[in-house]
Amino acid sequence: MKWTREEYIELMTFGDVKRQMFVELFGPLVGLKDEWQAQGAADGELGMTAFDFDYVPIQFCGGESGVWGGFEKKVIEDTPEYTISIDKFGRTVKLAKGFATIPLPLDFPVKNMDDWLKIKHMFTFDEARIDWKQVEAAKEAQKNGTLILAYMQGGFDIPRELMGEEVACLAYYEQPELMEDILATVTDTAVRMYDRISDHVQIDDLFVHEDLAGKSGPLIGPNLVREFIMPYYRKVWDMLSSKGTKLFSQDSDGNVEAVLDVFMECGINITYPCEPAAGMDVVKLRQKYGNKLAFKGGIDKHVLRKSKLDILRELEYKLQPLMQQGGMVFGLDHLIPNGTPLENYRYYVQTAREILGLPTLDSSRTGWGKMAF
């Protein structure tokens with residue numbers, strides 16, 4: 001079912017809505033469609049539209065906060081098993097075909113301040129970052145119920161992309177001036193760009209990608225978030241929220257519980273995908289935070305490879321009445337994993353719809369849009 005921006009904002013701010021959303025956040029992992037096709041999947045099932053998931057149409061506001069004038073992408077080596085190439089950061093990256101969707105960096109451009117200063121221009125503000133035709137298109141689309149998005153670089157994510165996790169984590173202690181300069185640069189770019197854009201179109205949702213945690217917890221603690229990342233988040237969010245932006249969502253895999261409170265101090269009011277395999281329990285988080293924090297995801301993707309009874313138990317727990325009181329977009333906690341039987345996935349969708357009181361699937365009702373924002 002297609003939702004409007006107004007309905008989605010109302011849901012995620014714990015307003016008056018008839019029900020929660022049931023979505024697919026990311027879609028199938030590479031290779032799963034081939035498995036399902038061999039199991040007799042219809043075209044609509046392969047394209048995800050046959051499951052009539054909820055979604056809200058989205059459009060970016062017209063600003064580019066990422067790399068600007070970066071390195072020219074080029075392929076160095078291409079084999080049946082992998083591709084090695086140069087990416088926009090100037091890194092050598094390797095993509096394993098048939099398994100991965102994100103290439104693995106083999107090197108990183110920044111080790112110290114001198115390295116950073118050589119590429120800093122790729123992150124500074126430039127008026128050309130704003131596509132005014134896209135801004136006007138977003139303004140028109142918003143009138144028809146489209147949610148308008150703005151993306152900011154992750155306060156942990158962008159140093160990690162430039163330096164790798166190990167060097168970035170050490171840099172907070174050994175090269176704090178480097179971290180401060182990187183974050184000050186992306187702060188200035190985001191604030192100047194979105195301040196201009198938000199004078200022309202209402203930005204509905206500011207979102208940020210971090211991926212700063214694993215199963216054992218986050219790679220940095222609350223003290224470093226508060227010292228280095230909070231000033232960045234707050235400057236961007238305070239400016240946008242003063243102009244009417246309601247939603248600030250953060251995407252991070254792994255277990256982020258240890259830093260959730262401080263990121264809420266930074267301004268975020270939505271977190272996803274809440275991975276159970278990493279110890280994230282969206283029900284316990286709702287009990288803790290109430291209507292102070294909204295969630296997307298939270299349903300264990302790995303349970304789909306177990307029995308139907310396991311699937312039923314997971315859904316009865318995650319979709320219980322407590323979780324249907326606002327601020328919840330129900331969905332799998334990440335990409336649908338390979339090895340998920342098509343029959344199990346069908347059962348998952350049908351059972352979830354029954355628990356949520358949604359109508360049974362009907363071929364006359366189709367649609368799907370990724371909700372990973």
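The values are calculated or read from the model by the stated rules, or taken from the named source; none is laboratory data. Computed from a prediction, not measured in an experiment: that's the story for all the values here. Because the Cβ atoms are built from the backbone with ideal geometry, glycine has one as well, and the counts that use them run over all protein chains shown.
Checking every residue in segment 346-353 against the condition of being buried (at least 16 other Cβ atoms within 10 Å of the Cβ), in the same structural domain as residue 290 (by TED's automatic domain parsing) and in a loop (DSSP other than H, G, I, E, B) gives zero matches.
Do we find that residue 32 is surrounded by 14 or more Cβ atoms within 10 Å (Cβ to Cβ), within 22 Å of the chain's Cα centre (by Cα), among the aliphatic types (A, V, I, L, M) and more than 30 Å from residue 286 (Cα to Cα) in this structure? Yes. Consider residue 102 carefully, then state whether it is closer than 30 Å to residue 56 by Cβ, part of a helix (DSSP H, G or I) and free of Cβ contacts under 8 Å to residues at least 60 places away in the same chain. Judged against the criteria, residue 102 is not a match. When restricted to residues that are surrounded by 11 or more Cβ atoms within 10 Å (Cβ to Cβ) and more than 23 Å from residue 186 (Cα to Cα), segment 65-80 contains 2. Is it the case that residue 327 is at positive phi, assigned by TED's automatic domain parsing to the domain that holds residue 276, crowded, with 18+ Cβ neighbours inside 10 Å and touching a residue at least 60 places away in the same chain (Cβ under 8 Å)? For residue 327, the condition - at positive phi, assigned by TED's automatic domain parsing to the domain that holds residue 276, crowded, with 18+ Cβ neighbours inside 10 Å and touching a residue at least 60 places away in the same chain (Cβ under 8 Å) - is met. Exactly one condition in (1) among the β-branched types (Val, Ile, Thr); (2) closer than 28 Å to residue 357 by Cα; (3) in contact with a Phe, Trp or Tyr (Cβ under 7 Å, 6 or more places away or on another chain) is false for residue 67; which is it? The one condition residue 67 does not meet is (2).
Considering (1) of a type in the set (Phe, Trp, Tyr); (2) more than 27 Å from residue 361 (Cα to Cα); (3) touching a residue at least 24 places away in the same chain (Cβ under 8 Å), the lone condition that residue 71 does not fulfil carries the number (3).
Scan segment 263-297 residue by residue and report those that are without any contact (Cβ under 8 Å) to a residue 24 or more places away in the chain and of a type in the set (D, E, K, R). Result: 281, 284, 288.
Tell me, please, whether a residue that is out of contact with any Asp or Glu (no Cβ under 7 Å at 6 or more places or on another chain), among the acidic types (Asp, Glu) and over 20 Å from residue 333 (Cα atoms) can be found in segment 255-275.
yes
When residue 323 is tested against (1) touching a Gly at 6+ places or on another chain (Cβ under 9 Å); (2) not in a helix (DSSP H, G or I), only condition (2) is not met.
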